[in-house]
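*Asks:* Handing you a structure now.
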Amino acid sequence: MHSSFTRIQNVFGFFTTVACVLAGFIAATDLLAARNPSGTLIPTNIQVVKGRPHYYSSKKEEYAIIKFSLDADLSSLFTWNTKQLFVYVTADWPSAEGQNATNSAVIWDSIITNPSADHLQNIGPIAMKKLKRSAEGKTIDPSRGLLKLNNQRPKYQITHPSGKIASVNDVTLKLHYNVQPWVGLLTWNMDKVIGWWFPMEKGVSEKFEFPAVKTKDAKKKAKKA
């Protein structure tokens, strides 16, 4: 004769087993949904300035400011198991000669939630009402995965440990994503085809160069011209 405590343990153990198996099936459904994200990135304005990039910086250093235009279709990343999508843009450039490494810095990011996860956003009540109204009756809103930014200002400036970043060649902008599901593993950009999941189409800008440092004398000459 089992005691009440033993019976509760057995019921709880059975419940957790069923929950884990169900969660595994839910996570596996993501593999059946096709992913074919695409994006076009174009740098529109690039400046290198010498100063304090942050209010807490202790010394002046060179930092780059990159404005860009983005046209991306990430709607295929939204399924019924998608909680939110983290999108970010990086600037990448090779290290100095002899160093087998690549520099990478985030210049812009954004979080796009599924309609069912709108309550998780840290936005004001008026913006939240508009967001909920636009999502009424929709389990998945594909338009949320469509990004169109023109001459977007960066959220973050680019610096380097050496304090110098001007006149660097072979710089590219790259679009990244991170899918955060309700159940399952986090997934990032695909490097190769896996089933119905395809790598990002385009998503990388053409190579460009960081210009020389913008000085006060250059500003005066530009005003006179």
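The values are calculated or read from the model by the stated rules, or taken from the named source; none is laboratory data. These numbers come from a predicted model, not from an experiment. Reconstructed Cβ throughout: ideal geometry from the backbone, glycine too, with neighbour counts over all protein chains shown. What goes into the accessible areas is simple: the full protein's heavy atoms, side chains included, and nothing from ligands, DNA or RNA. Shrake-Rupley method; radii C 1.70, N 1.55, O 1.52, S 1.80 Å.
*Asks:* Could you list, in sequence order, the residues of the stretch 37-53 that are touching a residue at least 40 places away in the same chain (Cβ under 8 Å), open to solvent by 40 Å² or more (accessible area, probe 1.4 Å) and not aliphatic (A, V, I, L, M)?
*Replies:* Scanning the stretch 37-53 gives THR40, THR44, ASN45, GLN47, LYS50.
*Asks:* Filter the stretch 183-206 for residues that are in a loop (DSSP other than H, G, I, E, B), of a type in the set (A, V, I, L, M) and open to solvent by less than 100 Å² (accessible area, probe 1.4 Å); which is nearest to PHE86 (Cα to Cα)?
*Replies:* Once the filter is applied, the top-ranked residue is LEU186.
*Asks:* Let me ask another. Out of everything in the stretch 16-36 that is in contact with a strand residue (DSSP E or B) (Cβ under 8 Å, 6 or more places away or on another chain) and aliphatic (A, V, I, L, M), what residue ends up being most open to solvent (accessible area, probe 1.4 Å)?
*Replies:* Among residues in the stretch 16-36 that are in contact with a strand residue (DSSP E or B) (Cβ under 8 Å, 6 or more places away or on another chain) and aliphatic (A, V, I, L, M), the one most open to solvent (accessible area, probe 1.4 Å) is LEU31.
*Asks:* Among the residues of the stretch 54-80 satisfying the criterion of being farther than 23 Å from VAL171 by Cβ and within 21 Å of the chain's Cα centre (by Cα), which is surrounded by the fewest Cβ atoms within 10 Å (Cβ to Cβ)?
*Replies:* Here the answer is TRP80.
*Asks:* Within the stretch 81-102, can you find the residues that are modelled with pLDDT under 90 and open to solvent by 20 Å² or more (accessible area, probe 1.4 Å)?
*Replies:* LYS83, GLN84, PRO94, SER95, ALA96, GLU97, GLY98, GLN99, ASN100, ALA101, THR102
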